[in-house]
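First comes the structure, then the notes that go with it.
The values are calculated or read from the model by the stated rules, or taken from the named source; none is laboratory data. No experiment lies behind these values; they were computed from the predicted model shown. Every residue, glycine as well, gets a Cβ built from its backbone with ideal geometry; the counts of neighbours run over all protein chains shown. When the accessible area is computed, the model is the full protein with side chains, heavy atoms only, and any ligands, DNA or RNA have been set aside. Shrake-Rupley method; radii C 1.70, N 1.55, O 1.52, S 1.80 Å.
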Amino acid sequence: MSQPNPNPNPDGDGAYGWGPTQPGYGYPNPTPGYGYPSQGGPAYDPTLAAGGQLVPTPSGGGAPLVSIGDITVMNDGIVTPSGTLPLRGAVWNATDMSRTEEKIPTHAIILAVVFFIFCLLGLLFLLMKERKTTGFIQVTVTSGGRHHSTMIPANNPDSFNVVMGQISYARSLSAM
């Protein structure tokens, strides 16, 4: 090898100096295997937000009893994106802001015109109807002096009845 080493060691001995010069993550000590807790350093705490502030978590844990949009009802609390509300004494409200429209589809009008020329039975195509539900159902919960609201999309005419069933269950849990 007639060329000098392209990456000499900073120590000056002329050996190839690959790798970090400062100890970093996993260097010089190897990192533990997957599933083993790390040795040293602060452990990851999912309750700490990026700013170092504590994020409220449900105290009882366990499985969610009912979930309505982004509101989750646990054994002893209501978990929302803005924090945990007490379950006891919570006030639940729902507002149906959806609508169902009924119209004659375009293909039915075309078929009625085409078959009207051949026979009068083509007018029966005008009896075809198309129903479309659009809008949202607003669910609000108030407890412990705090308030949270969520919007749930209404995809069919029975969406409001489904949400009201979930709210009835949440109300019964709040009354206990």
Identify, by number, the condition in (1) loosely packed, with under 12 Cβ neighbours inside 10 Å; (2) in a helix (DSSP H, G or I); (3) not acidic (D, E) that R131 doesn't meet. (2)
What is the one condition in (1) at pLDDT 90 or above; (2) exposed (fewer than 11 other Cβ atoms within 10 Å of the Cβ) that Q53 does not satisfy? (1)
Kindly check whether there is at least one residue in segment 105-120 that is surrounded by fewer than 14 Cβ atoms within 10 Å (Cβ to Cβ), aliphatic (A, V, I, L, M), at pLDDT 85 or above and closer than 30 Å to A175 by Cα. no
Subset of segment 78-103 [closer than 17 Å to E130 by Cα and either open to solvent by 80 Å² or more (accessible area, probe 1.4 Å) or out of contact with any strand residue (DSSP E or B) (no Cβ under 7 Å at 6 or more places or on another chain) (or both)]: R99, E101, E102, K103
So, G144, is that one at positive phi and either open to solvent by less than 60 Å² (accessible area, probe 1.4 Å) or over 22 Å from the mean Cα position of the chain (by Cα) (or both) or not? yes
Using beta carbons and a limit of 9 Å, which pairs, at least six apart or on different chains, have the first residue in segment 161-176 and over 20 Å from D76 (Cα atoms) and the second one surrounded by 13 or more Cβ atoms within 10 Å (Cβ to Cβ) and of a type in the set (D, E)? V163/D96; M164/D96
Has segment 116-133 got at least one residue that is closer than 30 Å to P64 by Cα and not hydrophobic (A, V, I, L, M, F, W, C)? yes
Does F136 qualify as being surrounded by 14 or more Cβ atoms within 10 Å (Cβ to Cβ) and over 16 Å from K103 (Cα atoms)? yes
